[in-house]
Amino acid sequence: MSFNTTPNGTRGARQPKAGRMLKWFNERAAKRIRRNGGKVMGFDALILTTLGAKSGVERANPVGWFSAGDDDGWLIVASAAGGPKNPAWYYNIAAHPDKVTIELAGSKIPVTAEQLHGAERDEAWQRIAKASPRFGQYETKTDRVLPIIRLTRRAG
């Protein structure tokens, strides 16, 4: 579990303010994921549940995912749609990488999170950008490196 937190950038796409509207959107997206088999806005999506880095409170967020190239792995990107700042869930994962669960296809799956670095990160990004060119554009909107997280099923 290697996390050396990727710094925020200085420019990027506009990010919505955390508040009632974002909470409403996330709740609605989570319902859609549960109802429609994990698709939101054309992306394969899952519900990521983390523990707050400071509060320790469970937080659930809908996020897009990509195949990690194996049967028990998922890749997620802390893209924030190309915003200048990493999403809050990224810091939650970094603080508690072994306390993450995902909800996918009606099942809650305990996972361990690992941030990809170097050539492994670059190769994963190329596969993600090829699979979803629209998603690949997020990197051009910001000056930060978009963190890629591999989620793998926890034993037991």
How many nm is it between the label spots at Phe25 and Ala105, if each spot is 7 Å from the Cα in line with the beta carbon? 2.9
Histogram of C-alpha separations across the stretch 20-153, 10 Å bin width, %: 12, 45, 38, 5
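What percentage of all Cα-Cα pairs in the stretch 84-156 are separated by more than 14 Å?
Details: 1759 of 2628 pairs.
Distances greater than 14 Å cover 67 percent of the Cα pairs.
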HN-Hα J in Hz across the stretch 107-115 - Karplus 6.51, -1.76, 1.60, θ = phi - 60°, x for Gly and Pro: 10, 9, 10, x, 10, 10, 9, 9, 7
The ³J(HN,Hα) series, computed from each phi in the stretch 75-90 with the Karplus coefficients 6.51, -1.76 and 1.60 at θ = phi - 60°, rounded to the nearest Hz and given as x for glycine or proline, is 10, 10, 10, 7, 7, 6, 6, x, x, x, 10, 5, x, 4, 4, 4
What's the extension gain from Thr152 to Arg34 if we count 0.36 nm per residue and subtract their Cα-Cα distance? 40.4 nm
Take a quick pass over the chain and tell me how many lysine pairs come in under 25 angstrom between Cα atoms, counting only ones 8 or more apart or on separate chains. 28
What residue among Gly19, Gly64, Pro97 has its Cα farthest toward the positive end of the dipole of the stretch 17-156, where the charges are +1 on Lys, Arg and -1 on Asp, Glu, each on the Cβ? Gly19
Evaluate the charge dipole of the chain about its Cα centre and quote only its size in Debye, nearest 20, assuming +1 on the Cβ of each Lys and Arg and -1 on the Cβ of each Asp and Glu. 900
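No value in this document is a laboratory result; all are computed from the given coordinates. Remember, it's a predicted structure, so these values are computed and weren't measured experimentally. Glycine gets a Cβ as well: all are built from the backbone with ideal geometry, and neighbour counts include every protein chain shown.
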